[in-house]
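Data block below; observations after.
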Amino acid sequence: MKRAFISAAILIAAAFTSKTTFAQTADTAKKITIKVTNLHCGNDMPTIKKRLLNQDGIDEVKFTDISRETSTFTITYHTSVTTQEQIEKAIETTPGCDDDKETPYRVKKERKKAKQ
């Protein structure tokens, strides 16, 4: 009986250790570039940056100056904690700097090129 208990404890510990190791190796830092439109003032980019940095898994956010109501954000994040879709949703649900009841920012989707 004692031997069976010890064997079961070893199997459980081995299973837990292997899952932990897998989770640790599955995490990678990824850098993406996202274009955000509908920006109107110089406070829009810092507002979005602050919102993103408050999200779990995001390490770094850089942005360019506004050009034709658009800015490019470069974001470094951990794939085991968040996804690009969650980041895009965070951007699009960020309240505007003029009116916190509006969510004016939009992620510009890249068009897929047709195969020739």
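The values are calculated or read from the model by the stated rules, or taken from the named source; none is laboratory data. Predicted model, so just to flag it, every value in this text is computed and none were measured. Using ideal geometry, Cβ is built from the backbone for each residue, glycine included, and neighbour counts are taken over all protein chains shown.
For region 50-74, how many residues are assigned to a helix (DSSP H, G or I) and more than 14 Å from Pro95 (Cβ to Cβ)?
1
Can you tell me which residue among Asn38, Asn54, Asn43 is loosely packed, with under 13 Cβ neighbours inside 10 Å and within 16 Å of Pro104 (Cβ to Cβ)?
The unique qualifying residue is Asn43.
Contact list please: Cβ distance under 6 Å, first residue in region 64-87 and closer than 16 Å to Lys109 by Cβ, second residue modelled with pLDDT of 95 or more and of a type in the set (D, E, K, R), pairs at least six apart or on different chains.
Thr70/Lys35; Thr72/Lys35
Would it be correct to say that Glu102 is of a type in the set (Asp, Glu) and either modelled with pLDDT of 90 or more or not in a loop (DSSP other than H, G, I, E, B) (or both)?
Here the answer is yes, as Glu102 does meet what is asked.
Report yes if Val81 is under 25 Å from Asp27 (Cβ atoms), among the aliphatic types (A, V, I, L, M) and touching a strand residue (DSSP E or B) at 6+ places or on another chain (Cβ under 6 Å), otherwise no.
no
Here's the yes/no breakdown for (1) modelled with pLDDT under 95; (2) among the charged types (D, E, K, R):
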position	(1), (2)
Gln24	yes, no
Ala29	yes, no
Ile32	no, no
Lys35	no, yes
Ile48	no, no
Leu52	no, no
Gly57	no, no
Ser67	yes, no
Thr74	no, no
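Tell me which residues, restricted to region 71-91, are within 19 Å of Asn38 (Cβ to Cβ) and surrounded by 15 or more Cβ atoms within 10 Å (Cβ to Cβ).
Selection gives Ser71, Thr72, Phe73, Ile75, Ile87, Glu88, Ala90, Ile91.
Does region 37-90 hold any residues that are among the hydrophobic types (A, V, I, L, M, F, W, C), closer than 15 Å to Thr103 by Cα and in contact with a Ser or Thr (Cβ under 9 Å, 6 or more places away or on another chain), and which are they?
Listed by number, the residues that qualify are Leu39, Met45, Ile48, Leu52, Ala90.
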